[in-house]
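The next block holds one structure in the form of structure tokens; read it before the comments.
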Amino acid sequence: MRKTSHIAGAVLGVVALAGSLTACGGDSLEKSKTDSSGSSAGSGKKGSLVVGAAGFTESKVLAELYAQILGGAGYSTSVTTVENRELYEPALEKGDIDVVPEYAATLTEFLNAKVNGSAKALKKPLASADVAATVGELKKLAEPRGLTVLPAGKAVDQNAFAVTKEFAAKNKLTTLSDLGKSKIKVKLAAGDECAVRPFCVPGLKKTYGIDVAGLDPKGVGTPQSKQAVKDGVDQLVLSTTTDGTLPSYGLLVLQDDKKLQNADNLLPVVNSKDAGSPEIAAALNKLTDVLTTDDLAKLNLKVDADRAKPADVAKEYLQSKGLVKK
């Protein structure tokens, strides 16, 4: 599982799980807890913090980065993995979790649906390709719920569309606009929901004029999807900007030059009462200021391909950047 980067998916997720959230009530965190890393950091002189992670690699890596940099700042920290946003976000509001790594646009639309209703959220989305505007809308939604949204960084996890390097060179492609202008018919390897999601096939056609002649439902960024493009069965694959495996398949991401995708920049969100101190913000901001999309792709690759532990990958990265002591 990975994050729902499509806004429609984030909204629909709220609808689908609304009943289960009500049923779980105050026990949602315990019932959904899938893992506790057991790792802890810091002296605890400044108190203890629980960092939440969703059940996919990138979120686990980010949670370890947060926990360890906060540990270096004098807090005792632990990482708890909860299945999904529909369950960890209420736990964050309650204070069962103190800090989570989040994605600006996706969380904005999640809270938009939660606050205003899914039907209204679909008709009037609040996220956009403008990161400052998106974070501004997110703060309006989050603060009344007892959540503090910290600054967004350069690292962004968005939909990414890739072709083989050979295909790009042959047709002189560097951007999605180039692909649209080429008038080449392409078959897209993606999830079947891509046919209706506004940031997928409909967006490629409307924004870029790309001739998507067919959809190969092999999943978002799966090995099968990437292999199909590598083999020439398909010409375009939907993955993400932090997919570190793309080069190993000989694939190249085409730039989203007209900003079809919303601003899913990474940012920390904290429980205002328990973790809203300037010291916590300062520690997390040091990481936010340094972490890039490429960094995150490489960290993900170390876990997924090299089978390294998220905690070890996080420690090595933080030490290499001088953010924690060796």
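Overview of results
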read-out	value
Test: residue 73 is small (Gly, Ala, Ser), over 15 Å from the mean Cα position of the chain (by Cα) and open to solvent by less than 10 Å² (accessible area, probe 1.4 Å)	no
Close pairs from region 307-326: first in contact (Cβ under 8 Å) with a residue 40 or more places away in the chain, partner among the hydrophobic types (A, V, I, L, M, F, W, C) and assigned to a loop (DSSP other than H, G, I, E, B), Cβ under 8 Å, at least 6 apart	315/324; 318/324
Tally of residues being open to solvent by 40 Å² or more (accessible area, probe 1.4 Å), in a helix (DSSP H, G or I) and of a type outside the set (Val, Ile, Thr) across region 188-236	10
Residues being part of a helix (DSSP H, G or I), over 20 Å from residue 159 (Cα atoms) and open to solvent by less than 40 Å² (accessible area, probe 1.4 Å) - total across region 242-284	5
The one condition in (1) open to solvent by 40 Å² or more (accessible area, probe 1.4 Å); (2) in a helix (DSSP H, G or I); (3) among the charged types (D, E, K, R) that residue 306 fails to fulfil	(2)
Check on residue 143, open to solvent by 10 Å² or more (accessible area, probe 1.4 Å), closer than 30 Å to residue 275 by Cα and in contact (Cβ under 8 Å) with a residue 24 or more places away in the chain	yes
Scan of region 293-303 for residues that are open to solvent by 40 Å² or more (accessible area, probe 1.4 Å) and under 16 Å from the mean Cα position of the chain (by Cα), ordered by number	294, 298, 301
Evaluation of residue 246 against (1) in contact with a Phe, Trp or Tyr (Cβ under 8 Å, 6 or more places away or on another chain); (2) closer than 18 Å to residue 61 by Cβ (one fails), failing number	(1)
Single condition residue 279 does not satisfy, out of (1) within 19 Å of the chain's Cα centre (by Cα); (2) under 23 Å from residue 89 (Cα atoms)	(1)
Within region 110-163, considering residues that are part of a strand (DSSP E or B) and hydrophobic (A, V, I, L, M, F, W, C), the one farthest from the chain's Cα centre (by Cα)	163
Qualifying residue in region 143-159 (condition: under 24 Å from residue 245 (Cβ atoms) and of a type in the set (A, V, I, L, M, F, W, C))	yes
Matching residues, region 289-326, being within 16 Å of residue 57 (Cα to Cα) and among the charged types (D, E, K, R)	294, 295, 298, 302, 304, 306, 307, 309, 312, 315
Selection status of residue 93, acidic (Asp, Glu) and surrounded by fewer than 23 Cβ atoms within 10 Å (Cβ to Cβ)	yes
Near pairs, Cβ below 6 angstrom, 6+ apart or cross-chain, from region 39-55 (open to solvent by 20 Å² or more (accessible area, probe 1.4 Å)) to any residue that is at pLDDT below 65	55/1; 55/34
Test for residue 67: is it in contact with a Ser or Thr (Cβ under 6 Å, 6 or more places away or on another chain), within 13 Å of residue 99 (Cβ to Cβ) and either open to solvent by 40 Å² or more (accessible area, probe 1.4 Å) or at pLDDT 95 or above (or both)	yes
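The values are calculated or read from the model by the stated rules, or taken from the named source; none is laboratory data. Keep in mind that what you see is a predicted model, and the values were worked out from it rather than measured. Backbone-built Cβ (ideal geometry, glycine too); neighbour counts: all protein chains shown. Accessible surface is based on the protein model in full, side chains and every heavy atom, while ligands, DNA and RNA are left aside. Shrake-Rupley method; radii C 1.70, N 1.55, O 1.52, S 1.80 Å.
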